[in-house]
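Just below is one structure, and these are the notes that go with it.
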Amino acid sequence: MPLPKNRKPRVIAVAGNMGAGKSSLVEWLSQQFGMVPFFEPNEDNPYLEDFYGDMKRWAYNSQLWFLIRRFQIHRRIDQRAAEDGAPIVQDRTIYEDAEVFAAHLHEAKYIDERDWGAYRDMYASLRQELRPPDLMIYLRCPLKTLVKRIRQRGRSFEKAVPRRYLASLENLYESWFDAYDASPTLVVETDRLDYIERLFDRLELHRAIENTVGIPPRSSRPPLT
């Protein structure tokens, strides 16, 4: 999908399953393109550790917290984009919270029909208030690699994450991304593309981003002031 003519290309969102490499890509984009990073608020969620210990008890609380906090982040991004010309990169979006993570918990019967209906109504209302990103980068990664990366990074609250949970999220991610049409998209196969170490892969990703949203690498444009 091409960018609307009246929209300045300022916001890139990075989507993908747990362990796909979102935070690493956000950090890399902030360095390479001088983008302002907005990271995922996992560490702030007061329900998250309880949720991984008892998903049925804490699923609705955790997802409602994420929905509200993510909306607040989107609004701050919109405000920042309107204030200056600095490009922005966002780690995960409100769309994924609702259409992947919360949807999985509903399908798994961790969120009942009454709470799911209330959640969906709130999501629909909040989504109408938000401007979609100018580019959605989807990080695709095989389940085996996701499991390995999650174990290696050693976050205490992720140690009990079942493999079947990751598999379910992966299926929902693919379905969500196939239907996503709010902005241009770019797929990065993170098990094969090494944008940190390999020059060829870095150049390929540079070109893809520049061609899609018109943001050149930092080295080829004047420094931000």
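The values are calculated or read from the model by the stated rules, or taken from the named source; none is laboratory data. Values in this document were obtained by computation on a predicted structure and should not be read as measured data. Cβ: placed from backbone, ideal geometry, glycine included. Neighbour counts: every protein chain shown.
Checking the stated criteria, Q90 turns out to be of a type outside the set (D, E) and more than 18 Å from D121 (Cβ to Cβ). Residues that are polar (S, T, N, Q) and surrounded by 20 or more Cβ atoms within 10 Å (Cβ to Cβ) within region 64-89 are absent altogether. Once region 1-25 is narrowed to residues that are closer than 13 Å to I209 by Cβ and buried (at least 20 other Cβ atoms within 10 Å of the Cβ), the residue that is modelled with the lowest pLDDT is R10. Given the conditions (1) closer than 21 Å to S62 by Cβ; (2) at pLDDT 85 or above; (3) out of contact with any Gly (no Cβ under 6 Å at 6 or more places or on another chain); (4) not small (G, A, S), which single one is not true for P133? Of everything listed in (1) closer than 21 Å to S62 by Cβ; (2) at pLDDT 85 or above; (3) out of contact with any Gly (no Cβ under 6 Å at 6 or more places or on another chain); (4) not small (G, A, S), P133 misses just condition (1).
Out of A86, A108, A81, one residue alone is closer than 24 Å to D178 by Cβ and more than 12 Å from the chain's Cα centre (by Cα). It is A108.
Of the residues making up region 33-58, those that are farther than 23 Å from Q90 by Cβ and surrounded by 16 or more Cβ atoms within 10 Å (Cβ to Cβ) number 3. Using the structure shown, decide if L205 is modelled with pLDDT of 70 or more and farther than 19 Å from I88 by Cα. So L205 does not fit the description; no. Screening region 94-119 for residues that are out of contact with any His (no Cβ under 9 Å at 6 or more places or on another chain) and surrounded by fewer than 15 Cβ atoms within 10 Å (Cβ to Cβ) and picking the one that is farthest from K22 (Cα to Cα) gives R114.
Under 17 Å from the mean Cα position of the chain (by Cα) and either of a type in the set (S, T, N, Q) or buried (at least 21 other Cβ atoms within 10 Å of the Cβ) (or both) - does that describe any residue in region 124-133? Yes, region 124-133 contains at least one residue that is under 17 Å from the mean Cα position of the chain (by Cα) and either of a type in the set (S, T, N, Q) or buried (at least 21 other Cβ atoms within 10 Å of the Cβ) (or both). Here the helices (runs of 4 or more DSSP H) wholly within region 13-84 that include at least 2 residues being in contact with a helix residue (DSSP H, G or I) (Cβ under 8 Å, 6 or more places away or on another chain) and of a type in the set (D, E) are 48-53. Residues of region 160-191 that are touching an Asp or Glu at 6+ places or on another chain (Cβ under 9 Å), closer than 17 Å to H106 by Cβ and of a type outside the set (G, A, S): L172, Y173, W176. Within the bounds of region 109-132, is there any residue that is part of a strand (DSSP E or B) and not acidic (D, E)? No, region 109-132 has no match at all.
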